[in-house]
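As structure tokens, the structure follows; a few thoughts come after it.
Derivation of every value follows stated rules applied to the coordinates shown; laboratory data play no part. Please read these numbers as outputs of a predicted model, since none were measured by experiment. As a convention, Cβ positions derive from the backbone with ideal geometry for all residues, glycine included, and neighbour counts pool all protein chains shown.
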Amino acid sequence: MSGFSAEWLARREPYDGRARNRDVLESVAAAAVTAGDAIGVVDLACGIGSTLRALAPRLPPRQDWRLVDNDLSLLARAAAGKAVPGVAVTRIPVDLTRDLEAALDGPVNLVTASALLDLVSADWLERLVTEVAARRLPFYAALNYDGRVVFDPVDPLDSAVIAAVNLHQQTDKGFGPALGPRAAEAAIAAFERAGYAVVHGRSDWQLLPRDRDIQRDMLAGWAGAAREIGAVSLPDAAAWLTRRRDLLAAGRSTITVGHVDIFARPIGTRAAERSQSKSTSSPIG
Ligand SMILES: C[S@@+](CC[C@H](N)C(=O)[O-])C[C@H]1O[C@@H](n2cnc3c(N)ncnc32)[C@H](O)[C@@H]1O
């Protein structure tokens, strides 16, 4: 168990799908065209496979997906639905803190991840960028939480709760002290240092009054995190949660949750890449 339930991942998927930055997605799709009519993709920390569902319709017709996660129950549910002609899926149990390199080996043209980078440490991110860059692979990372949360209407304790949540986001999530809200910024800088061109854009969730279930989950999670980190007292966190739930019940709560998507691709001419790449797989781009 990773602490991410299949139910939670299923609940967030439609919001992620709507929020994914269209310009970034277009860049991924445009780069994928250069792979020809077949592409190999590794999705790191796939959960129940939402990146596959979001990206597959934009990629060449023949696709070979390797879905990687260390949570066997999520992996079992990943892409368990209807088979799509031309899209082959292999599910691989991997602990990315230990075996990242193995996950990236083999015939791969594109590496993807969603809602992962904010969980990882600066050291692990450097390791990821090094390994991806060593293979000259492009990298698409969506839905990286960036610390912005806007409530409407506002409550006097919102800022204190979200500041506490953002501290909690930086605690160890299994990869060492997490980057949390700094993840996208750090990934953009690291890929640029590695000689990549990076496109990025916001992919904020816009939660409307009718989005009650996900708002309820988020509010409870934020109150718990704020209390756990100790920056907001238990009575304050409880009172804040009650007030926000009352607004939600009254159909008056909207929340924006900030995310950033990135697509990083190695800079270089296709001719140069082709002459360098004699292996079975070549990067797209
Ligand atoms: C927030 S979920 C995102 C899941 C999916 N990418 C999505 O967008 O719905 C984070 C995922 O990271 C996986 N994960 C956490 N630590 C991991 C590790 N050490 N190795 C592999 N996967 C890990 C979890 O099991 C979970 O599926």
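What percent antiparallel are the DSSP beta bridges of the chain, to the nearest 5? Bridges in the chain are about 50 percent antiparallel. Annotation: peptides 231-244, 75-88, ranked by per-residue average of other Cβ atoms within 10 Å with the highest first, follow the order 231-244, 75-88. Across the range 15-167, Cα-Cα pairs farther apart than 22 Å form 45% of the total. Local charge sum around R182 (other residues, Cβ-Cβ under 12 Å, Lys/Arg +1, Asp/Glu -1)? Taking every other residue near R182 into account, the sum is -3. On the principal axes of its alpha carbon atoms, the range 220-263 extends 42, 30, 11 Å, with the longest extent given first.
Based on Cα atoms of the range 161-204, Rg over Rh with Rh as the Kirkwood radius reads 1.07. Using only the alpha-carbon atoms, how far is helix 158-168 inclined from the longest principal axis of the chain? Give it as 0 to 90 degrees, nearest 10. Helix 158-168 sits roughly 50 degrees off the main axis of the chain. Projection of the Cα convex hull of the chain, averaged over all directions and equal to a quarter of that hull's surface, yields 14.3 nm².
Can you pull the percent of Cα pairs in the range 53-135 with separation above 20 Å? Percent of Cα pairs beyond 20 Å in the range 53-135: 38. Cα centroids of the range 74-114 and the range 122-145: 16 Å apart.
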